[in-house]
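Scroll down for the structure; my scribbles are underneath it.
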Amino acid sequence: MLEAVKVALDPTPRQERLLESHAGAARFAYNAGLAHVKDMLERGDKPEWSYYALRRWWNQAKNTLAVDETTGETWWPENSKESYNSGLESLADALKNFSKSRKGRRKGRRMGFPRFKSKDKAVPRFAYTTGSFGLIDCDPHALRLPKIGRVHCMENVSKRANGAKVLRMSVSKRGGCWQANLTVERADLPIPSPPKGGSVGIDLGVKELATLSDGTVIHNPHALKSNLRRLKKAQRNLSRKRKGSNRRRKARAQVARLYARVANLRSDALNKTTTMLAHTYADISIEDLNVAGMVGNHRLAQSIQDASFYEFRRQLTYKAARTGARLHVIDRWYPSSKTCSNCGTVKTKLPLSERVYHCEECGLVIDRDVNAAVNIQVAGSAPETLNARGGSERRANASRRATRHPAKREPSGDESRVRLGAGLGNEAMQMTSL
């Protein structure tokens, strides 16, 4: 089982200059390799852009590429060879993604051809995969970085790793702070018994981050919205500075720190919420939200992205697998907000401005989000329904709209029928190793 351990570094001024040098070496190798690939394509040669092919080329050409223009001396020995290899590895991954995307073998948006990395815009980063790096015996608050030395950490990294084997260490600078990401390997743990908190349904929202079926409301910190005013002021200040000046560098650092604060606030809220849910409830039901389609609404796109619905589900999936909780994912077409949780009546329309659900059949008056969470809980705890028609159907107006799977049909004995309703979101994850 592979896990990631992230720790903040506390380098000395000398070590910080060495970290910048290693990050620059990785960027130099990336740009040099990309220029080599483009040169082969322009000559009409068959490009060899695998990681090992790029490493062989770099070892042959580094004495002529990494040379000081004034003194004529080679400077590549000043940095660890792993920094150059990490840059070439990033280039090989980018070229592989471009090739797979062009051939239709890669999911997601279409990838373009890699571009050269700029010192001003690229994130300083490099990685170690071989050599004597990682944890230091009898020194729990430090890491060993070849060619740099012992670097102090802000926390007990040995306790975080807990005796696991370190396979890779990536070092990067974000928001003016250096951090190390350790990829550790642990032994596969047995599936624990589920928590004893019963079942719960979760309705995600913009105003409130999550509303549970038991009435618990988890506040949305609105990380971006609460810092948007300071961000605008800092970005206006940055736009007035002359390019290349020292004041522009300081203004850019201020903007980066504000964006790092936004990311940290959002990450803190999501981690605390998902950890609480995974350790409290045995059965957790959530909706399969189409986030990519939701952000098409330009009025709500910023708020939806600020809430990070996809990241909420991603964290809940692996944390539920760790604690033994069962995660049920409800079909995205299930009308959880329009359905009455008391009598089951489904409304035709329910605008977002109507925050209290009023049922005209049974007279139920309940908060809109709580009503949706109760319906999600019921749909997740009920047995799976079988589609008697055995397939999907198009909506009435199928132009530019997603396919809708038929639901609530009578079961049949057809072998080609498909399962709908609540499916286990982390069943496969619990049975296999990461």
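The values are calculated or read from the model by the stated rules, or taken from the named source; none is laboratory data. This structure is a prediction, so every number in the text was calculated from the model and none was measured. We place every Cβ from the backbone using ideal geometry, glycine too, and count neighbours over all the protein chains shown. What goes into the accessible areas is simple: the full protein's heavy atoms, side chains included, and nothing from ligands, DNA or RNA. Shrake-Rupley method; radii C 1.70, N 1.55, O 1.52, S 1.80 Å.
Identify, please: which residue in the range 8-34 is of a type in the set (A, V, I, L, M) and part of a helix (DSSP H, G or I) and is, among those, nearest to N156 (Cα to Cα)? Talk me through it step by step, then tell me what you get.
Within the range 8-34, the first condition is being of a type in the set (A, V, I, L, M), and the residues that meet it are 8-9, 18-19, 23, 25-26, 29, 32, 34.
In the following step, the residues that additionally are part of a helix (DSSP H, G or I) were identified as 18-19, 23, 25-26, 29, 32, 34.
Numbers: L18: 23, L19: 21, A23: 25, A25: 29, A26: 28, A29: 33, A32: 38, L34: 39 Å.
My answer is L19.
When the criteria are applied in full, D268 meets the requirement of being free of Cβ contacts under 8 Å to residues at least 60 places away in the same chain and either open to solvent by 40 Å² or more (accessible area, probe 1.4 Å) or over 19 Å from the mean Cα position of the chain (by Cα) (or both).
Out of everything in the range 338-375 that is under 25 Å from R299 (Cα atoms) and in a strand (DSSP E or B), what residue ends up being least open to solvent (accessible area, probe 1.4 Å)? Walk me through it before giving the result.
We begin by selecting, within the range 338-375, every residue under 25 Å from R299 (Cα atoms); these are 338, 347-357, 367-373.
Okay, now just the ones that are also in a strand (DSSP E or B), so 356-357, 367.
On the way: V356: 60, Y357: 3, D367: 72 Å².
Across the range 338-375, the extreme among qualifying residues is Y357.
Only one residue in L277, L316, L270, L289 is part of a loop (DSSP other than H, G, I, E, B) and under 30 Å from G198 (Cα atoms), so which one is that? None of the other options fit; the residue is L289. Scanning the range 121-149 for residues that are open to solvent by 80 Å² or more (accessible area, probe 1.4 Å), out of contact with any helix residue (DSSP H, G or I) (no Cβ under 8 Å at 6 or more places or on another chain) and in a loop (DSSP other than H, G, I, E, B) yields K121, D137, C138.
For the range 150-169, a residue qualifies if it is in contact with a Leu (Cβ under 8 Å, 6 or more places away or on another chain) and in a strand (DSSP E or B), and the qualifying residues are R150, V151, H152, C153, V166, L167, R168, M169.
Taking the range 73-92 as the range and being in contact (Cβ under 8 Å) with a residue 24 or more places away in the chain and either among the β-branched types (V, I, T) or within 16 Å of P47 (Cβ to Cβ) (or both) as the test, the residues that pass are L88, L91, A92.
Residues that are open to solvent by less than 50 Å² (accessible area, probe 1.4 Å), in contact with a Gly (Cβ under 6 Å, 6 or more places away or on another chain) and in a loop (DSSP other than H, G, I, E, B): does the range 297-313 have at least one? No, the range 297-313 contains no residue that is open to solvent by less than 50 Å² (accessible area, probe 1.4 Å), in contact with a Gly (Cβ under 6 Å, 6 or more places away or on another chain) and in a loop (DSSP other than H, G, I, E, B).
Return the only residue of T275, T317 being over 29 Å from S353 (Cβ atoms), of a type in the set (S, T, N, Q) and surrounded by fewer than 16 Cβ atoms within 10 Å (Cβ to Cβ). Step through it out loud before you land on a result.
On the way: T317 fails: surrounded by fewer than 16 Cβ atoms within 10 Å (Cβ to Cβ).
Selected residue: T275, the only one of T275, T317 that is over 29 Å from S353 (Cβ atoms), of a type in the set (S, T, N, Q) and surrounded by fewer than 16 Cβ atoms within 10 Å (Cβ to Cβ).
For K62, the requirement of being in contact with a Lys or Arg (Cβ under 8 Å, 6 or more places away or on another chain) and in a helix (DSSP H, G or I) is not met. Does S80 satisfy the criteria of being of a type in the set (G, A, S), at negative phi, crowded, with 17+ Cβ neighbours inside 10 Å and within 34 Å of the chain's Cα centre (by Cα)? So S80 passes the test. Exactly one of these conditions fails for V5: (1) open to solvent by 40 Å² or more (accessible area, probe 1.4 Å); (2) not in a helix (DSSP H, G or I). Give me its number. The single condition V5 does not satisfy is (1).
When R14, R27, R55, R43 are checked against the criterion of being at pLDDT below 95, open to solvent by 20 Å² or more (accessible area, probe 1.4 Å) and in the same structural domain as M111 (by the TED database), a single residue qualifies: R43.
Here's the yes/no breakdown for (1) at pLDDT below 95; (2) closer than 22 Å to D120 by Cα; (3) assigned by the TED database to the domain that holds S308:
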site	(1), (2), (3)
L231	no, yes, yes
A234	no, yes, yes
L238	no, yes, yes
G244	yes, yes, yes
A253	yes, yes, yes
A256	yes, yes, yes
R266	no, no, yes
T275	no, no, yes
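Each residue in the range 159-202 was checked for being open to solvent by less than 20 Å² (accessible area, probe 1.4 Å), assigned by the TED database to the domain that holds D369 and more than 21 Å from the chain's Cα centre (by Cα), and 2 pass. Only a single criterion out of (1) over 21 Å from the mean Cα position of the chain (by Cα); (2) of a type outside the set (D, E, K, R); (3) part of a strand (DSSP E or B) is not satisfied by L88, namely (3).
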